[in-house]
Number of protein chains: 8
Amino acid sequence: MTWNVYLSGEIHTDWREQIARGIEEAGLSVTLSAPVTNHEASDDCGVKILGEEDESFWKDHKGAKVNAIRTRKAIQEADVVVVRFGEKYRQWNAAFDAGYAAALGKSIITLHDPSLTHPLKEVDAAAMAVAERPEQIVEILKYVIQHA
Amino acid sequence: MTWNVYLSGEIHTDWREQIARGIEEAGLSVTLSAPVTNHEASDDCGVKILGEEDESFWKDHKGAKVNAIRTRKAIQEADVVVVRFGEKYRQWNAAFDAGYAAALGKSIITLHDPSLTHPLKEVDAAAMAVAERPEQIVEILKYVIQHA
Amino acid sequence: MTWNVYLSGEIHTDWREQIARGIEEAGLSVTLSAPVTNHEASDDCGVKILGEEDESFWKDHKGAKVNAIRTRKAIQEADVVVVRFGEKYRQWNAAFDAGYAAALGKSIITLHDPSLTHPLKEVDAAAMAVAERPEQIVEILKYVIQHA
Amino acid sequence: MTWNVYLSGEIHTDWREQIARGIEEAGLSVTLSAPVTNHEASDDCGVKILGEEDESFWKDHKGAKVNAIRTRKAIQEADVVVVRFGEKYRQWNAAFDAGYAAALGKSIITLHDPSLTHPLKEVDAAAMAVAERPEQIVEILKYVIQHA
Amino acid sequence: MTWNVYLSGEIHTDWREQIARGIEEAGLSVTLSAPVTNHEASDDCGVKILGEEDESFWKDHKGAKVNAIRTRKAIQEADVVVVRFGEKYRQWNAAFDAGYAAALGKSIITLHDPSLTHPLKEVDAAAMAVAERPEQIVEILKYVIQHA
Amino acid sequence: MTWNVYLSGEIHTDWREQIARGIEEAGLSVTLSAPVTNHEASDDCGVKILGEEDESFWKDHKGAKVNAIRTRKAIQEADVVVVRFGEKYRQWNAAFDAGYAAALGKSIITLHDPSLTHPLKEVDAAAMAVAERPEQIVEILKYVIQHA
Amino acid sequence: MTWNVYLSGEIHTDWREQIARGIEEAGLSVTLSAPVTNHEASDDCGVKILGEEDESFWKDHKGAKVNAIRTRKAIQEADVVVVRFGEKYRQWNAAFDAGYAAALGKSIITLHDPSLTHPLKEVDAAAMAVAERPEQIVEILKYVIQHA
Amino acid sequence: MTWNVYLSGEIHTDWREQIARGIEEAGLSVTLSAPVTNHEASDDCGVKILGEEDESFWKDHKGAKVNAIRTRKAIQEADVVVVRFGEKYRQWNAAFDAGYAAALGKSIITLHDPSLTHPLKEVDAAAMAVAERPEQIVEILKYVIQHA
């Protein structure tokens, strides 16, 4: 049984790489997926492929929808959705992904600093686990996948 | 045919009252619902009813889950989910509600200042309409409900 | 038991009125719904409520989404979806509605001239009945609702 | 993760081949599917296999249902449904496929000339991307599948 | 809480009337529904409303689909589906209704003579109760609705 | 908006009456439902209505299925499922109801003494609230229904 | 893309073998499934594995449920459900399977002699194709799977 | 066709090993899954990975949720859910799993001593088979998978 794990949220630190490394070292049967984490490519994909826009609203709109083709599939196929909130930016897309995953009955694990506990309480309330460090994500996956 | 409209998000301005007034004046057959908008009551409901907690994490957790009993029913029964983002606070619960509503196939209308367009692009991309002022919400409801 | 019947498609003849009249005369417990049939209002609703657009693509896009708030609810709540194809225009929205209704398991009745049989074969194949005249729709509803 | 992409609609130009070639050159992990694109075989399959009909309506009916066995499976298993509208014919089956795909929550990409924007606005409104040329479909797939 | 009860199957004895009478005497909050039980009307509805057919296959086909508009709605809205099998005829439509109801998770009650136990074992296996006489159906409804 | 609340579990104390009284005093718009709480009637309903059995297994089987007609409908229509565990008996049906409700996405509230926390941890983990006294159930309902 | 085809119904002729042979000769990527077609094994499986019963009703009941473990999985995973009705026996299980498959949105193909058209009209009305001979099933599968 | 079988419930005897051995000897194409059966590891996983708790309630809560990541996936992917009840402990998690599986339409097989028949009647009523010994589970799997 392979596990599909989607890594949603913050794109400015190497938390995804840490998790990927941990999974590899543990030899877990996990397929990781993620949004496009190249910020510029992600912002520009719509207009670059489908044509320029004068209005920044429509530029954003086109890009967000192209990105959604990828993220919707990834969440729909995921067994576990890890949602990472960092210190910076508003990260509404991460919270949106969490809500989307919750409605589909996916197991959610949030990953954030305790200082964000109060504003994230509704998201944490929908989670199966609330972690602070990437290695805890790896530990959870090891436990639920490998333990006998 | 009655329409159920859930008003999610920001609780520090009177946008819900403006929409309610507009709906009443237009004589629309709409049932409005909303989260508990009394900030203190919302924060304290868990521990007040179910017992105190030493850790603020668990206080938040208990409260968020009690509130979810209300918000999940409201979103599940809604035809339209209006999600309002204001200037202040992180409002991750609003984005979470939007993701939850999107996965259920609800018609979403976002309501926010154009200055928030870029960080809200993923949420707007899932919306049927992006409004800036409460009266636009009323106009949309008038149009989709009353027009012949 | 009330029946919800959505009347999708062509907006340039009075077929909806004919059906409504027949239902009233027969005293059937039917709630009819329809898209906004005022062509101009339907085309302009997006920009009129949510702000002008320079590009006609985005004008159409905004309008189509506002209209979809109405049509999606109507189809989702319908027991029967009547889809009317006339002689003029491409009427892709009618075929789109039929496909949407088919995937939701709704009972579809198509209403069109026999001359359109070949190009409509895929839509007719998903229908419970293929009618040529509005009074046949009324007869079907009388039969399925009133007969003992 | 393999992607299933269903190519619906117009059968008189080589757009499917162009997309297939682009996918192959890019080395994407994509499984393409399509309706039977041999016009005569598609029209005749019902009566040829299941017996002649005197009435052309029933000939069409039988054929459309046999074809539906193929197209329903393809759409249900698709991650992305590309719907192509050409200049000729009424192509109601393409719009029907789009509606069917929309109700199932599939990511839709439309492919058509800008001259068709107005009559296709309801279909485009349900799409994640609106393309004009087959190579844009390939670019989108490259982006959502391969980008890191 | 009102209960919707669909009475499927045999149309040549007065078992539906017996159940209706028992429900009325017991004052149960039950809405009964049934297929059209006039055999001739049921057989002829398709051609009578939608036009004659030379082939009896297509006459039957048209009629069965018009009848399905009624029966599908009735089963979909039912809380309980009672399926009655009599001594005569093949009654495949009754078994079809039972399978349809089973897949939708409806509570099924079968009603038949013990002599039919062996050929009906698959249908009975999907039922919540297997009754022999109409008054047992009334007793079950009394028990599940009225008992405190 | 009316709330449907199903009261599952223990039948030997008056906790249902306490909740009913509190709801009435608070004037809440709540429809309560419950299994048949007359132990003997519940055990005997199957054989009494559908005929005696020699084997106690089949007596239990018949009765449990008749009771399931009632409880499945009640849980499926519930917004909130309260599951009460007492000190005595094994109460596997209560835990079964909780699992059933969880899979349907219902809001669960458990009601039990803290001494049962460890064996009930899996059930509590699926709940939106864990209460110890019936009046807390009433307080939660007051909060989620009436608060502004 | 592999196709799963479930062969339901009559067990006294070699129609399944004919279809299997045709599929093999055509080199189609099809996985066939079927109920247990050994009549005696099918009737006895319940009591043989789980213990004898005095009452034939319960013997049948136990067996039908064990068999349902197999048939439910097969139908749920099927793309196409072929339902064969022969001249003998009541074959209510075949009609039940058809109803079950219809509610799940599976493509149904019926296989029967034209003499059964009238009593099978409700089942045929839910089918994508009505065949008379096993080789027609093979032709349909060839067409929908292999044709370009 | 591979079968996924989830073995829920009692963890103090070797019934899972017996079933695994029987499946291996029979050469069945079955993938077995199970909860973590190391009692201590299961109880401690939450606090060990995610941080200590002062309150035993929250220790249990954290652990139960981490375990649920594993069990929910296993049940959702299962074709058959075997639920074992032993003589000791309250085993509410086993009954909860059964209810969860029932609502998802999984085939349930219970495994328990006849002395538990009465308290387990609601769970048994939702099962396709009620077994007393592990070898009966193997026999059922052999029958439904291998028999022709």
What whole-number distance in Å separates the alpha-carbon centres of the range C:102-148 and the range F:95-123? 48
Would you please give the residues with an amide H less than 5 Å from that of B:VAL30, counting only those at least 5 places away or on a separate chain, with H modeled from the backbone geometry? B:TRP3
Suppose we consider the axis relating copy E to copy A; can you name the residue of E with the nearest Cβ and state that distance in angstrom as an integer? E:GLY105, 9
Nearby aspartates and glutamates by direct alpha-carbon distance to G:LYS73 (threshold 13 angstrom, same-chain neighbours under 8 apart not counted): G:ASP97, H:GLU77, H:ASP79
Only Lys, Arg, Asp and Glu count, each charged at its Cβ (+1, +1, -1, -1), so figure out the dipole size of the range G:44-110 about its Cα centre, rounded to 20 debye. 240
Residue by residue through the range E:107-114, which ³J(HN,Hα) values in whole Hz follow from phi under the Karplus form 6.51 cos²θ - 1.76 cosθ + 1.60 (θ = phi - 60°), with glycine and proline marked x? 6, 9, 10, 8, 9, 6, 5, x
Mean ellipticity per residue at 222 nm, deg cm²/dmol - from DSSP H runs of n ≥ 4 across the protein assembly as shown, formula -39500 (n - 2.57): -16000 deg cm²/dmol
List the trypsin sites (Lys or Arg not before Pro) within the range H:70-148 that DSSP assigns to loop and that have no more than 15 neighbouring Cβ atoms inside 10 Å. H:LYS88
Go through B:PHE85, B:GLY51, B:ALA129 and say which Cα lies farthest out towards the positive end of the charge dipole of chain B; charges sit on Cβ, +1 for Lys and Arg, -1 for Asp and Glu. B:ALA129
Simple spin-label estimate for H:ALA41/C:THR2, 7 Å along Cα→Cβ, in nm, reads 5.8
From the square roots a ≥ b ≥ c of the eigenvalues of the alpha-carbon gyration tensor of the range E:65-148, which class results: rounded (a/c under 1.5), prolate (a/b over b/c), or oblate? oblate
Sequence gap at least 6, Cα distance under 8 Å: using those rules, report the relative contact order of chain H to the nearest whole percent. 27
Work out which helices of chain F, taken as complete DSSP H runs, extend at least 15 Å along their axis over the Cα atoms and score a mean Kyte-Doolittle of 0.0 or more, then list them. F:92-103, F:134-146
Given 37 °C and 0.692 mPa s, how large is the Stokes-Einstein diffusion coefficient of chain B in µm²/s, with Rh as the Kirkwood radius over Cα pairs? 204
Which aspartates and glutamates have a Cα less than 12 Å from the Cα of D:LYS121, not counting those fewer than 8 places away in the same chain? C:ASP43, C:ASP60
Which entries in the list D:LYS88/E:LYS65; F:LYS65/G:LYS59; F:LYS106/G:LYS65; A:LYS142/F:LYS106; D:LYS62/E:LYS88 go over 21 Å, if you measure between the two C-alpha atoms of each? D:LYS88/E:LYS65; F:LYS106/G:LYS65; A:LYS142/F:LYS106; D:LYS62/E:LYS88
Rounded to the nearest 20 debye, dipole of the protein assembly as shown from Cβ charges on Lys, Arg, Asp, Glu: 0
Would you work out the charge dipole size for chain C about its Cα centre, treating the Cβ of every Lys and Arg as +1 and the Cβ of every Asp and Glu as -1, and quote it to the nearest 20 debye? 400
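Throughout, read-outs are computed from the coordinates displayed, never taken from laboratory work. These figures come from a predicted structure and were not determined experimentally. Here Cβ is always computed from backbone atoms with ideal geometry, including for glycine, and neighbour counts include all displayed protein chains.
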